[in-house]
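Chemist: Quick one: structure below, then a few questions.
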Amino acid sequence: MIHAFCTVLDVHSVAQNIFVLAFSSDTISATVLPGQFVSIRTDESTTPLLRRPFSVYRTKGERVEIIFNVIGKGTASLSRKHAGDLIDIIGPLGVPFNLFSEDYDTALLMGGGLGVAPLPITTERLLHAGKSVVTFLGSRTAAHLVETHLTNLHVATDDGSKGFRGNVVELMQNVLDDKRFQKPKFFVCGPTAMLRAAANVAIARSIACEVSLEGPMGCGFGICQGCPVELLHGERKFVLMCKDGPTFDVRRIVI
Amino acid sequence: MIHAFCTVLDVHSVAQNIFVLAFSSDTISATVLPGQFVSIRTDESTTPLLRRPFSVYRTKGERVEIIFNVIGKGTASLSRKHAGDLIDIIGPLGVPFNLFSEDYDTALLMGGGLGVAPLPITTERLLHAGKSVVTFLGSRTAAHLVETHLTNLHVATDDGSKGFRGNVVELMQNVLDDKRFQKPKFFVCGPTAMLRAAANVAIARSIACEVSLEGPMGCGFGICQGCPVELLHGERKFVLMCKDGPTFDVRRIVI
Amino acid sequence: MIKTSFHLAGIELKNRVLVASGTYGYGDDCLDLANVNRLGGIITKSLSLKPRDGNPPTRIVETPSGMLNSIGLANIGVRKFIADKLPFLKTVKTAVIANIAASTIDEYCEVLDLLEPEDAVDAYEINVSCPNVKEGGLSFGTNCELTAEITRRLRTRTRKPLILKLTPNVTHISEFARAVEGAGADAISVINTVIGMAVDAKTRRPVLSTITGGLSGPAIKPIALAKVYETSRAVKIPVLGIGGIMNATDAIEFLIAGASAVQVGTANFIDPATGQHIADGIQQFCEQQHISDVASLVGSLDASSDVSVIHSWL
Amino acid sequence: MIKTSFHLAGIELKNRVLVASGTYGYGDDCLDLANVNRLGGIITKSLSLKPRDGNPPTRIVETPSGMLNSIGLANIGVRKFIADKLPFLKTVKTAVIANIAASTIDEYCEVLDLLEPEDAVDAYEINVSCPNVKEGGLSFGTNCELTAEITRRLRTRTRKPLILKLTPNVTHISEFARAVEGAGADAISVINTVIGMAVDAKTRRPVLSTITGGLSGPAIKPIALAKVYETSRAVKIPVLGIGGIMNATDAIEFLIAGASAVQVGTANFIDPATGQHIADGIQQFCEQQHISDVASLVGSLDASSDVSVIHSWL
Ligand SMILES: Cc1cc2nc3c(=O)[nH]c(=O)nc-3n(C[C@H](O)[C@H](O)[C@H](O)COP(=O)(O)OP(=O)(O)OC[C@H]3O[C@@H](n4cnc5c(N)ncnc54)[C@H](O)[C@@H]3O)c2cc1C
Ligand SMILES: Cc1cc2nc3c(=O)[nH]c(=O)nc-3n(C[C@H](O)[C@H](O)[C@H](O)COP(=O)(O)OP(=O)(O)OC[C@H]3O[C@@H](n4cnc5c(N)ncnc54)[C@H](O)[C@@H]3O)c2cc1C
Ligand SMILES: Cc1cc2nc3c(=O)[nH]c(=O)nc-3n(C[C@H](O)[C@H](O)[C@H](O)COP(=O)(O)O)c2cc1C
Ligand SMILES: Cc1cc2nc3c(=O)[nH]c(=O)nc-3n(C[C@H](O)[C@H](O)[C@H](O)COP(=O)(O)O)c2cc1C
Ligand code: FES
Ligand code: FES
């Protein structure tokens, strides 16, 4: 984990209201694992005051990319950065997806909306490790889809403007009903409702499932206790999303 | 007085840390008088929260220019505006210099630092009205001087890198000792210490003198009572810098 | 059609957005920049018996997302207000609420007595964040009994709505709310400014001439919301919510937390038309949410847990 | 060489910058990001007798230039702290101050008794912003007598420095400062968080699971400065200033207003090395201003007027 001012390489729009920002950091690029995130101080101002967490989207050489939706002040400010600007970054942070276990052969990646963020880096590392990868991607409309750097892609849109009309979990269930995957495991990232639906499917079908959670964070590195995630069982009631997550086995936590 | 979102025409650096920003407003351009100011919301953010006042520097057609030093957040943000951006402006505000009185023939304009701001528009209108104009300009170094759009210019720098070495009031006194001006009147803008020095000279030599004050403002249009200026005599103790000024006859107020 | 109007102890306000005392002069300063007739009401600058010059400069300083002021209640005095400002205020189509400040209880009464015959004054708001000369300058508003006493004394002299404006600089603002309710107040305004201070590190001097001043603006919005929540649960009379309201969403948050109406203060310095924009924005919100009467937002906080303001571990 | 060190009731701090309770864990979380040995001291997360899970989500929300928290004093409990965290804290070259929270006076004493044999604990800071179970959950810290009583009881059990951390959510914080000074406190910390609230207009729900929470960050800096000014003039014991300190200039403002040292809280979440940068910045400021001992900044406010905190018209 490092804390550094990193140079912005480029920022460009890739879909409606969605941007990819690339910055340069050989340390982060070399050490980040799929599902980990970086924490960015988007401004020197006190509005926003706190850092903003973003999953790492892709890496290449010393280039690290994040992908984001413009939601509020922090992301608006990021979208206005220019090549050469310096941004204050801490990372990589958090527990990555547990990709390299022997208990599965086919990774079923699932992303809803900006939940696509960790999927490209995950895909790359999985393929490298010789796993099969199938991807399910959902979004509101075709204009909000970012389909690049993914493999074996199945698409769902709420309005049916592309692919399956409906949500991505329904699509994934349809596909599961049709096809049989060799020892599958889910890796899911997206809005809470979608994570919950995916977890239910996984549990019902006895498929291993890891999710990447989203929620408010104060610090991103474990000192504020602001990001509790409730455990299903265990001696403690809560763990921390930033330090013990953001990725969790769905059998461990209350989503 | 209008309140409008005006289009930025251009922003460019004219001296060390000094920028000219031009925006488009036919109403302001047509109605502003020398010594009046505009009040700008530099950001939609709450930091800075309040508007920032700036003297009008020049006008041409629907083009209105301000000149400013980058001091804090507000001016930093203005310096980063681009052509086409919209900025939230109220103006023109305040009481202008009393230029069109018959009690003088030669206007002696004096600017210290960014006190140069109202002098170009003042010069233009004075020349148009057939007055003689002599200008005294002071700054820290030659790199901080903005000498354009002025006439009969005498320059002082603290470090002597251009013109007279010393402050602009000393320079002006030297010139006054040498030359005799036909029925002179001072119009002075700059830091408080300079205004005070200029006022003392004016009073000692029985020359009419108006100053343009600077200081914190809450609103800029008379509703917050945040900008008191102490009167030397009169029934009230204070008047308001924004509404009753920023220009004042030095015989009326405590500087 | 969405119902926006609101009955405040007998007077009808056309909507639930007012401009706060001291942030809109006497209503006649911003005619080029705003339309006062689209407000629920105008609350005047605090009026004292004698004109007040106010404090020497520096009177204001910006702080992170806020500002400190120490105006010193500069005002033209109640008599000049009646002579010079009321004629204009008679012509406006919005409620006119006279805010009163004083340094003795008798003086509060005298100012109210002078205003009482004026039909153009629809209601009174009482500023109790004033130094009480009899108690060495301690603010009336930090003493619950004195605050109730002021209310009682004024109540006997007027049938017009009497609104007590409370200070947040007390331990339990709900005690004050209950006390003034018991003493006959028709409504309470919450909050006045929070005591704060700014220091210039270079000169080692306080920035304000009075050392401390009153903090306002978005920085205090969370504090104001908590005080509105606390007071509105303590009393039955309406609460007017104030503190850092910049836009319709902020205003709606106050209504939900328990305010029957809101006042816009510092935001007027940035745009004196903020109040009317907020009134429009509340209406739009109701349209989107299929709410037919703004009243149904008031106190509609859906708090499943019932941890109270003062009882939780932080 | 500029003198930066500071004697706090017998213990020597290498400089006047500490990290505030609850904003730095137990000192071992940020080793990659900061050097704790360059701090004047570390104040631990509040320790309770039993481990505490803390409040359910949502625990934090950002506000204009600030944040609200309702962590619920989640902590590992004093015994686990001694077993798991003290071994590391024995190795650091900075003062270690254990912050104690409890819901009865006896419990405060028990926690202190457990810590008392530990040499690695240099001092105690007592968090009185805790719900008092015997009084229906009202915070100890809003009751002056109880706050003094806690101080008295703890004073008899330790000779280590005893620092009382006061809440700003009271009318006259100086009364509390004087009371704890009288009861034997060696220093006071001012301020803990300010009560605040956030509402989600769309869902009409409070954002925090506990409805209200504690406001911190730059938004409260002016409030904290006023409280530090008020308390430091009321007592002779040192005041540790806290609230919205982000950089060396902020810290210097607190020293000038009367703080003998400062604590950095929320800023650690943005950069856990803030404290050490501030320590460096104070030193640089002293160099530039030809000040040989940081002590000479403390309480050096040049206030020509002497209007007091509570006596001015705003
Ligand atoms: C581990 C982690 C990884 C993330 N990765 C990505 C990513 O790769 N790409 C991406 O676009 N976003 C990601 N997010 C979410 C991202 O951090 C938020 O979108 C961002 O903080 C919004 O900041 P803002 O200042 O623009 O909006 P704000 O002004 O903070 O918020 C605007 C509104 O959005 C809501 N909001 C704020 N944060 C979140 C959130 N985390 N989830 C849902 N609503 C929120 C707020 O309540 C507010 O109403 C991630 C979050 C986490 C915790
Ligand atoms: C009537 C009037 C006309 C003005 N015209 C011009 C102009 O034409 N060009 C120009 O460059 N400036 C002008 N100013 C000053 C200008 O408004 C300030 O420089 C500006 O507000 C600084 O804003 P900021 O956000 O960049 O700095 P801030 O972050 O607000 O301030 C940074 C520092 O500068 C100090 N400061 C803030 N405002 C002033 C001020 N008014 N005078 C001195 N110090 C201040 C603050 O105390 C602070 O320490 C004028 C001011 C007035 C009242
Ligand atoms: C410059 C200024 C002057 C004020 N004057 C008064 C006043 O005369 N009487 C009063 O009751 N409140 C006064 N207030 C307090 C406001 O009415 C309001 O309660 C407070 O500012 C909080 O609201 P805000 O955050 O929207 O500004 C004043 C506030 C400011 C900023
Ligand atoms: C997330 C968070 C947790 C905190 N936990 C504690 C705590 O356990 N005990 C305590 O005495 N103060 C606690 N505080 C209060 C801080 O120590 C400090 O007094 C307050 O935040 C003001 O300082 P700041 O504005 O620099 O954050 C906490 C503050 C925050 C923001
Ligand atoms: S975000 Fe601070 S502990 Fe997780
Ligand atoms: S700046 Fe508000 S009255 Fe002058």
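Chemist: Could you work out, residue by residue across C:133-139, how many beta carbons of other chains sit within 10 Å of that residue's beta carbon, and then give the average as an integer?
Modeler: Across C:133-139, the average partner-chain Cβ count within 10 Å equals 3.
Chemist: Averaged across D:71-77, how many Cβ atoms of other chains sit within 10 Å of each residue's Cβ atom?
Modeler: For peptide D:71-77, the averaged partner shielding equals 4.
Chemist: Evaluate the distance, in nm, between pseudo-label points positioned 7 Å from the Cα of B:S24 and of D:E149 along their respective Cα→Cβ axes.
Modeler: With each label placed 7 Å out from Cα toward Cβ, I get 7.3 nm.
Chemist: Relative to the Cα centre, what is the charge dipole magnitude of segment A:195-255, using +1 at the beta carbon of each Lys and Arg, -1 at the beta carbon of each Asp and Glu, and rounding to the nearest 20 debye?
Modeler: Approximately 120 debye in magnitude.
Chemist: Let me check I've understood the local charge: for A:Y104, count other residues with C-beta under 11 angstrom from its C-beta, Lys and Arg +1, Asp and Glu -1. What total comes out? Write down the numbers at each step before the final one.
Modeler: On the way: positive: A:K131, A:K183, A:K185; negative: A:E102, A:D103, A:D105, A:E210.
Residues close to A:Y104 contribute a combined charge of -1.
Chemist: State the cysteines of chain A left without a partner when partners are defined as other cysteines whose beta carbon lies under 4.7 Å away.
Modeler: A:C6, A:C189, A:C209, A:C227, A:C242
Chemist: Which trypsin sites (Lys or Arg not before Pro) in segment D:170-264 pass both tests, a DSSP loop state and at most 13 other beta-carbon atoms within 10 Å?
Modeler: D:K202, D:K236
Chemist: Also: Suppose a student asked you for the relative contact order of segment D:1-149, using Cα pairs under 8 Å spaced at least 6 residues apart; what percent would you report?
Modeler: The normalised contact order for segment D:1-149 reaches 20 percent.
Chemist: What residues from segment A:175-212 fall in the zone where the backbone N is under 19 Å from a label point 7 Å along the Cα-to-C-beta line of A:V14?
Modeler: A:187-191, A:212
Chemist: What FRET efficiency do you get for C:T158 and B:F5 if R0 is 51 Å and r is their Cβ-Cβ distance, rounded to the nearest 0.05? Could the numbers behind the result be given before it?
Modeler: Values: r = 45 Å, r/R0 = 0.88.
Efficiency, from the Cβ-Cβ distance: 0.70.
Chemist: How crowded by other chains is A:39-45, given as the mean number of beta carbons from other chains within 10 Å of each beta carbon?
Modeler: Averaged over the peptide's residues, the number is 3.
Chemist: Considering the dipole of the protein assembly as shown built from charges on the beta carbon (Lys and Arg +1, Asp and Glu -1) around the Cα centre, which of D:G54, A:G138, B:I89 is farthest to its positive end?
Modeler: D:G54
Chemist: Restricting to the protein assembly as shown, what percent of DSSP beta bridges are antiparallel, rounded to 5?
Modeler: Among the beta bridges of the protein assembly as shown, antiparallel pairing accounts for roughly 50 percent.
Chemist: From the helices alone, meaning DSSP H stretches of at least four residues, give me the mean residue ellipticity at 222 nm for chain C, per-run term -39500 (n - 2.57), in deg cm²/dmol to the nearest 500.
Modeler: -7500 deg cm²/dmol, from helical runs alone.
Chemist: Which links in C:K165/D:K227; D:K134/D:K165; B:K73/C:K85 stretch past 29 Å when you go from one Cα to the other?
Modeler: Beyond 29 Å: B:K73/C:K85.
Chemist: From the square roots a ≥ b ≥ c of the eigenvalues of the alpha-carbon gyration tensor of segment A:188-239, which class results: rounded (a/c under 1.5), prolate (a/b over b/c), or oblate?
Modeler: Note, shape of segment A:188-239 comes out oblate.
Chemist: Give the residue list of trypsin sites (Lys or Arg not before Pro) in segment D:1-104 that are DSSP loop and have at most 15 other beta-carbon atoms within 10 angstrom.
Modeler: The qualifying sites are D:K90, D:K93.
Chemist: Can you compute 3J(HN,Hα) from phi for each residue in segment C:26-43, using the Karplus curve 6.51 cos²θ - 1.76 cosθ + 1.60 with θ = phi - 60°, rounded to whole Hz and x for Gly and Pro?
Modeler: In residue order, the calculated couplings are 10, x, 10, 8, 10, 5, 6, 10, 7, 10, 4, 5, 9, 8, x, x, 10, 9 Hz.
Chemist: So if I place +1 on the C-beta of Lys and Arg and -1 on the C-beta of Asp and Glu, and nothing else carries charge, what would the dipole magnitude of segment A:1-99 be about its Cα centre? I want it in debye, nearest 20.
Modeler: Magnitude of the dipole: close to 220 debye.
Chemist: Something else about it: Give me the dipole magnitude in Debye, nearest 20, for the protein assembly as shown about the Cα centre, with unit charges on the beta carbon: positive for Lys and Arg, negative for Asp and Glu. Could the numbers behind the result be given before it?
Modeler: Details: 108 positive and 112 negative charges, 29 e Å.
Charge dipole of the protein assembly as shown: 140 debye, to the nearest 20.
Chemist: Calculated from DSSP H runs of 4 or more alone, at -39500 (n - 2.57) each and per residue, what is the 222 nm mean residue ellipticity of chain A, nearest 500? Kindly include the intermediate steps, with their values, before the conclusion.
Modeler: Working: 5 runs with 47 residues, N = 255.
One gets -5500 deg cm²/dmol as the mean residue ellipticity at 222 nm.
Chemist: Please turn the phi angles of segment D:194-199 into ³J(HN,Hα) values with the Karplus equation 6.51 cos²θ - 1.76 cosθ + 1.60 (θ = phi - 60°), one per residue in order, whole Hz, x for glycine and proline.
Modeler: The phi angles translate into 9, 5, x, 8, 10, 10 Hz.
Chemist: Quick one: 3J(HN,Hα) in Hz for segment B:235-247, Karplus 6.51/-1.76/1.60 with θ = phi - 60°, rounded, Gly and Pro as x.
Modeler: The phi angles translate into 6, 8, 7, 10, 10, 9, 4, 6, 9, 8, x, x, 8 Hz.
Chemist: Among the residues of chain B, which one places its Cβ closest to the rotation axis that maps chain B onto chain A, and what is that distance in whole Å?
Modeler: Here the value is B:T47, 2.
Chemist: So who's got an amide H within less than 5 Å of the one on B:F164, skipping anything under 5 residues away but keeping other chains? H placed 1.01 Å off N, in plane.
Modeler: HN-HN under 5 Å from B:F164: B:V155, B:A156, B:T157.
Chemist: Tell me, which longest segment in chain A has none of the chymotrypsin sites (Phe, Trp or Tyr not before Pro) that fall in DSSP loops with at most 16 further Cβ atoms within 10 Å?
Modeler: Working: sites that count: A:F100, A:F181.
Maximal segment without exposed cleavage sites: A:1-99.
Chemist: Please report, to one decimal in angstroms, the Kirkwood hydrodynamic radius of the protein assembly as shown built from all distinct Cα-Cα pairs.
Modeler: Working: mean 1/r = 0.0314 Å⁻¹.
Its Kirkwood hydrodynamic radius stands at 31.9 Å.
Chemist: Still on this structure, please answer the following. Once you sort the root eigenvalues of the Cα gyration tensor of chain C as a ≥ b ≥ c, which label holds: rounded (a/c under 1.5), prolate (a/b larger than b/c) or oblate (the other case)?
Modeler: Rounded is the answer for chain C, as its axis ratio a/c remains below 1.5.
Chemist: May I pose another question? Can you tell which of B:S161, B:S79, B:P184 lies farthest toward the positive end of the dipole of segment B:40-198, using +1 and -1 charges on the Cβ of basic and acidic side chains (Lys, Arg; Asp, Glu)?
Modeler: B:S79
Chemist: Considering amide H positions built from the backbone, and no H for Pro or chain starts, which residues 5 or more places from C:T63, or on another chain, come under 5 Å of its amide H?
Modeler: The answer is C:L68.
Chemist: Sticking with this structure for a sec: DSSP loop (so not H, G, I, E, B), at most 12 other Cβ within 10 Å: list which GluC sites (Glu not before Pro) in segment A:104-171 pass both filters.
Modeler: When the GluC sites (Glu not before Pro) of segment A:104-171 are filtered for loop state and at most 12 Cβ neighbours within 10 Å, nothing remains.
Chemist: Distance cut-off 19 Å, Cα to Cα: go down the list B:K131/B:K185; B:K162/B:K185; D:K90/D:K160; D:K3/D:K160; A:K185/A:K243; A:K243/D:K202 and report the pairs above it.
Modeler: Check vs 19 Å cut-off fails for B:K162/B:K185; D:K3/D:K160; A:K185/A:K243; A:K243/D:K202.
Chemist: Just going by the charge dipole of segment B:198-255, with Lys and Arg at +1 and Asp and Glu at -1 on Cβ, which of B:I223, B:V254, B:L240 is farthest out on the positive end?
Modeler: So the residue furthest toward the plus end is B:V254.
Every number here is computed from the coordinates shown, using simple stated rules; none is lab data. Source: prediction; values computed, not measured. No Cβ is skipped: glycine too gets one built from the backbone with ideal geometry, and neighbour counts run over all protein chains shown.
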